[in-house]
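Please read the structure below before turning to the comments.
Every number in this text was worked out from the coordinates using simple rules, so none of it is lab data. Model, not experiment: these values are computed from the prediction. Here Cβ is always computed from backbone atoms with ideal geometry, including for glycine, and neighbour counts include all displayed protein chains.
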Amino acid sequence: MLTPVTPTIRSRPVYAPLEPRPGRLHLMVADGEGADALIELLAKANNRSEILSSAHVIYAPGPNGTDRSDVLKALGLRQFFRAPTIPALLPRLVRVLADAHMGTQFYLAGTEGLIGQAEREIMATGFPMGAIQKEHRGSTVRRVQCVHCKGITENVATDPFKCSHCGLNLFVRDHYSRRIAAFQGVNIDAEDPGQVPEPVVRFK
Amino acid sequence: MSGGAKLRVRVDSVTPVNDLIKRFRFVALDGSDLPAFSGGAHTVVEMDDHGTRRLNPYSLMSSPADRSAYEISVRRDDQGRGGSLFMHRHVTPGMEMTLSYPVNLFPLDTRARKHLMIAGGIGITPFLAQIAQLDQFGGRFELHYAARSRVLGAYMDRLTAAHPSQVHCYFDEENQAIDLSRLLATQPIGTHLYVCGPKGMINWVLSSAEAMGWPRLALHHEEFLAPGTGLPFEVQLAASGKTITVGTTQSLLEAMEAAGVDAPYLCRGGACGQCETNVHKCDGKILHRDHWLSPEEHAANAKIMPCVSRFEGKTLVIDR
């Protein structure tokens, strides 16, 4: 099932189930439980074999260790590529985009970190953001940029958390940057240094 | 006053381009720079055609970098309502005229990796300004331009001389046609498509692209509709308390203006949405002719675009 997102401020991304659309290449980028979204997408397509024969799946295990590579490989995709991590997955996507043509459909599924970073690479080509399908699945841990030192901390689970670069205590906002593909973290004890609320696990 | 701020200009020159097209160059009355515009913008030209007020939208074709003048090209339509005939027969150098400020409903999406332009006939005009803009600021483009014959291919010589490898011309008379499916299949990701020309061409290009998986957000088109003629009809204007009759060759918007009602407008061609008006009562059928309202809104008959749409039936009451 699609991971539910509570709409808060306008900048907070929202997601919808993937739908099959016409295309000459179906480029699917997923991590972890995002694999299930791809499987359900194929299940509801009335031209499943046509999509499979023109599908390229680029996949990485999720931050929680979920790895559905074997299931995806068994689908009979035209091309399947498994990367060990998201940073190792992105150069493959960039290389595929360099040769891709209009008529390509994009399907992104999995954690918000994966979706946001893949979306950023696709948008950089000039492809309209509103035409990229995105379905959030699995872990809700966040990719957060410290607005003070600009360092990015991956897989943030608690709020507040300590910036992995400068050590400031950061409050995790829903304010999201598409350009950076990260939520924004703001120092929570700037006025009263040391007055830091007890961290709560908000993202799992 | 509706339609935005106006510009007073003088006709600087009138140049025949071919049997059907004339080019008009306008300069500000006081010789100052005209307002800046971007490629794809249009202006609405006001004409006083022997007592009949005509307002027609025309794409600006001159370079956006040159603010000393605006240029438009007008194709004569002998079967039209008379605006283009007035321009061809009665507009001469030295004449003073009124233009609207430029409005752009057909801009380049500058995030695109490449711009694919498809023009049919007089639909070339917005692309002339867009290409001038790309010449100045950089940007990859390709133009596919179809005309009836070599003689009627306005500005083809100029375009092919400046951009021999980017401009491709096709002539109906020589049975040449754009190989659309190959063209649409070979564009790099991040290409945006722009089409301007006859309705049939626009529909062909847009529907082919969508069927091949191009997203609508990467497809841009512009088509100014002439209001079109029809049977006369009566309309009640609720806000101003008037009842008017719209003549055969008049638009509802023009009839309101003739009755002294200051109704909003910008493009006068069914594209911009500015004149959208609520319908209080409709006992009959609205003949929707705009590109603005959705098919659902057309079916609901709760809104009308007075610049192009008409009515058939007993009673139409609108909020104006």
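Points worth noting:
- Listed residues B:Lys303, B:Lys22, B:Lys285, most fluctuating in chain B (Gaussian network, C-alpha, under 10 Å): B:Lys285
- Cα convex hull volume per residue for region B:233-318 (Å³): 80 Å³
- In sequence order, calculated HN-Hα J values of region A:52-62 (Karplus, 6.51, -1.76, 1.60; Hz; x Gly/Pro): 4, 6, 10, 9, 10, 9, 10, 9, 9, x, x
- Ellipticity estimate at 222 nm from DSSP helix runs (n ≥ 4, -39,500 (n - 2.57)) divided over chain B, nearest 500: -5000 deg cm²/dmol
- Lysine pairs in chain B whose alpha-carbon atoms fall under 27 angstrom of each other, counting only those eight or more residues apart or on distinct chains, come to 14.
- Cβ crowding within 10 Å ranks B:Glu223, B:Glu174, A:Glu112 as B:Glu174, B:Glu223, A:Glu112, fewest other Cβ atoms first.
- 19 Å cut-off, amide nitrogen to a point 7 angstrom out along B:Asp179 Cα→Cβ, residues in region B:102-136: B:116-119
- Dimensionless Rg ratio for region A:1-53, taking C-alpha atoms and the 2.2 N^0.38 Å reference: 1.33
- A cut-off of 5 Å between modelled amide H atoms, ignoring neighbours fewer than 5 places along the same chain, links A:Thr3 with A:His136, A:Arg137, A:Gly138.
- Degrees separating the helix A:86-99 axis from the principal Cα axis of chain A, which is the longest one: 50 degrees
- All lysines inside 30 Å of A:Lys162 as judged from Cα atoms, apart from same-chain residues fewer than 8 positions distant: A:Lys134, A:Lys150, A:Lys204
- With Cα atoms, 0 to 90° folded angle of helix B:125-137 axis to chain B main axis: 50 degrees
- Relative to the compact-globule estimate of 2.2 N^0.38 Å, the Cα radius of gyration of chain A comes out at 1.07.
- Positive-end residue of A:Pro17, B:Pro306, A:Gly65, charge dipole of the protein assembly as shown with Cβ unit charges: A:Gly65
- Taking a Cβ cut-off of under 10 Å around B:Ile286, the surrounding Lys, Arg, Asp and Glu residues balance to a net charge of +3, with basic ones at +1 and acidic ones at -1.
- Amide H to amide H distances under 5 Å link B:Ala41 with B:Leu60, where only residues 5 or more positions off or on other chains count and H is placed in the peptide plane.
- Residues with amide H under 5 Å from that of B:Val17, placed H, sequence gap 5 or more: B:Lys22, B:Arg23
- Restricting the calculation to Cα atoms, region B:114-222 yields a radius of gyration followed by a Dmax of 13.1, 36 Å.
- The protein assembly as shown: equivalent-ellipsoid semi-axes (sqrt of 5 x gyration tensor eigenvalues, Cα, Å): 50, 28, 25
- Of B:His280, B:His192, B:His221, the one that fluctuates the most in a GNM where chain B has Cα springs shorter than 10 Å: B:His280
- Helix B:199-211 axis, angle to chain B major axis (alpha carbon atoms, nearest 10°): 70 degrees
- Sparse-neighbourhood loop sites, trypsin sites (Lys or Arg not before Pro) in region B:110-157 - DSSP loop, at most 15 other Cβ within 10 angstrom: B:Arg111, B:Arg140, B:Arg148, B:Arg150
- Across region A:142-201 the C-alpha pair distances fall into 10 Å bins from zero in the proportions 27, 57, 15, 1 percent.
- Residue-wise HN-Hα couplings along region B:292-308, as the Karplus relation 6.51 cos²θ - 1.76 cosθ + 1.60 with θ = phi - 60° gives them from phi, are 8, 6, 6, x, 5, 5, 4, 5, 6, 6, 9, 9, 9, 9, x, 6, 10 Hz; Gly and Pro carry x.
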